[in-house]
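Here is the structure we will look at.
The values are calculated or read from the model by the stated rules, or taken from the named source; none is laboratory data. This is a predicted model, so every value here is computed, not measured. Positions of Cβ are generated from backbone atoms using ideal geometry, with glycine treated the same way; all protein chains shown enter the neighbour counts.
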Amino acid sequence: MPANDAVEAPAPVWVSRQLAVVVPTLNESANVPVLVARLHEVLRGIEWEVVFVDDDSRDGTADVARRIAQSDPRVRCLQRIGRRGLSSACIEGILATSAPVVAVMDADLQHDESLLPDMFAALADGSLDIVVGSRHVPGGSVGEWDEKRAAISNFATRLSRLIVRADIADPMSGFFMLRREAFDAAVRNLSGQGFKILLDLFASSPRPPRFRELPFTFRTRQFGQSKLDSMVAWEYLMLIADKLIGHIIPVRFVLFALIGGVGVGVNLIVLDLALSLGLRFAPAETVATLAAMVSNFMLNNQLTYRDRRLKGWRLVRGLVTFSVGCSIGAVANIGIAAQIFGEGQSWWLAGLAGALIGAVWNYAIASTYTWGRAK
Ligand code: GDD
Ligand code: MN
C-alpha cells in the first residue's frame, strides 16, 4: 500500500459552503443577534455562513458573535486588535472564507437582507461578477436622508468617475455580492483605504467587472450609531488619489511633502512675527523652526497617518522622534546642497536636491519610527 494512502482526506460529510456573508462591525452588539436571525430566515435552501469582522469593539460585539457561534456553526467571528477600517475589515473577512460567492453587508440592518437570495440567483449562471444592492436605480431609495447628505453623496459619486469607468449608479454602496474569482483578480491591487470597498474593487479589477444593480431601500438605523464622521470624506479623497497616482508615487509621500511645504510657510511667518517682536535672528529662527516642526507633526498625525493616529503619551513620544528625525534630515539637506553647489552646479539645483533628499529621509523616519507599526 503506498504510504500516502494513509493521509488521504476523508469524504466530506456536509455539503459545500455556497455563500459567505461578510459583515464588518464596530460597536454593533445589539444588531448582531437580529441580523443572524434574519439571515436564517432569508437564506433557507442555501449553504451559507456569516463572518463578523470586528475591530475590537468596546461594547463586546465580538463576544456576542462568539456566543452565538458556540451553538450555530454558520456564525464565525474574526477579531482584529489595534486595527481600524471598514474596507480592510471586508477584505480580510473575504480572505477568511472558502465560499465561492461572498456578500458584504453592514451589521446595522440598514441593508435589506431579503435581497440576498436574488443577488445569489443573479450570480448563478456565471455571466456576472458582481451584484450591487443599489439605492440609485428605479425601485431603490436612500430612505430618510436629509438634502445635505444626499448632495454630498451625489458629488462623491460624480468624483468616483475619475477612477471607475463603469456606468454604475451606486458605486458607494456597501451592500453587494461577488464571485470569488472576481475578488481574487483584484485583491492585490486593492487600496484597502477608508469606507468604499466596492469602489475600490471596481477601480482595482484588471478588467471591468460584469455587474448588475438590484434596487433596495436603505433603512434607518435602530440600534447603535453611525461611524461616518467628517474624516470619511478625507479618506475617500485619499482612495481616489491613491488610485489615480498611487502606482507612480505613494499618496502618503505626496501629502508628507505638501505638509513640508506648509511648514516652510509657518517657519517664515513665525520668523517674521518673532523679529518684529524684537527677538534677535538666532532665537527668532529657533522659535520659528520649532513651530514649523510641531505644526508639521500635528498635520501629519491628523492627515497623512490618520489610520495610525497617535494619542496621549504616544503623541509626545512621536513628536520627539519626529523632531530628532527631521533635524537629521535638515543636516543632510544642508550637507548635500552645499556639496553639489561646491561642485559648480546652480544654486537652485543644489537646493532642490538637498530638499528632496531631506524629504525622503524625513518620510522614511516618520513612516518607520514615528508612525511605525510595531510597538
Ligand atoms: N470592522 C470595522 N471597522 N467595521 C466598521 C468600521 C471599522 O473601522 N467602521 C464602520 N464599521 C461597520 C459598522 O459597524 C457597520 O456595520 C458598517 O461598518 C457601516 O458603518 P456605518 O457607520 O453604519 O456606516 P453608514 O451607514 O454611515 O454608511 C454605510 O452606507 C454608506 C452609503 O451611504 C456604509 O455601508 C458605507 O460603506 C456606504 O458607503
Ligand atoms: Mn449604517
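Selection over segment 69-89 of residues that are within 15 Å of ligand 1 (Cβ to nearest atom) and either basic (Lys, Arg) or touching a residue at least 40 places away in the same chain (Cβ under 8 Å) (or both) gives a count of 9. Looking at Leu214, is it under 23 Å from Phe175 (Cα atoms), more than 16 Å from ligand 2 (Cβ to nearest atom) and in a helix (DSSP H, G or I)? No: the conditions fail for Leu214. One residue stands out in segment 50-74 among those that are more than 16 Å from ligand 2 (Cβ to nearest atom) and buried (at least 21 other Cβ atoms within 10 Å of the Cβ): the one that is farthest from Leu26 (Cα to Cα), namely Val50.
All conditions in (1) more than 26 Å from Tyr236 (Cβ to Cβ); (2) touching a residue at least 12 places away in the same chain (Cβ under 8 Å); (3) among the basic types (Lys, Arg) hold for Arg66, with the sole exception of (2). Checked against the criteria, Asp125 counts as among the acidic types (Asp, Glu), more than 16 Å from ligand 2 (Cβ to nearest atom) and assigned by TED's automatic domain parsing to the domain that holds Glu181. Of the listed requirements (1) modelled with pLDDT of 90 or more; (2) within 22 Å of the chain's Cα centre (by Cα), Val266 misses just one: (2). Checking the stated criteria, Gln345 turns out to be outside any helix (DSSP H, G or I) and either outside the structural domain of Leu310 (by TED's automatic domain parsing) or over 26 Å from the mean Cα position of the chain (by Cα) (or both). For segment 24-67, filtered to residues that are at positive phi and not polar (S, T, N, Q), the residue that is farthest from ligand 1 (Cβ to nearest atom) is Gly45. Only one of the numbered conditions (1) modelled with pLDDT of 95 or more; (2) away from ligand 2 (no atom under 16 Å from the Cβ); (3) under 25 Å from Leu190 (Cα atoms) is not met by Asp106, and that is (2). Among all residues of segment 90-97, there is at least one that is within 16 Å of ligand 2 (Cβ to nearest atom), of a type outside the set (Val, Ile, Thr) and either buried (at least 19 other Cβ atoms within 10 Å of the Cβ) or touching a residue at least 12 places away in the same chain (Cβ under 8 Å) (or both).
The condition of being under 22 Å from Gly140 (Cβ atoms) and within 16 Å of ligand 2 (Cβ to nearest atom) holds for only one of Phe223, Phe195, that being Phe195. If the Cβ limit is 9 Å and pairs must be 6+ apart or interchain, which residue in segment 346-375 that is under 26 Å from Leu315 (Cα atoms) and loosely packed, with under 14 Cβ neighbours inside 10 Å pairs with which residue that is at pLDDT 90 or above and not hydrophobic (A, V, I, L, M, F, W, C)? Within 9 Å, the pairs are Ala364/Gly325; Lys375/Arg314. All conditions in (1) small (Gly, Ala, Ser); (2) within 30 Å of Tyr363 (Cβ to Cβ); (3) within 16 Å of ligand 1 (Cβ to nearest atom) hold for Gly246, with the sole exception of (3). Take the residues in segment 297-328 that are among the small types (Gly, Ala, Ser) and within 17 Å of Thr286 (Cβ to Cβ), then tell me which one is surrounded by the most Cβ atoms within 10 Å (Cβ to Cβ). Restricting to residues being among the small types (Gly, Ala, Ser) and within 17 Å of Thr286 (Cβ to Cβ), the top hit is Ser323.
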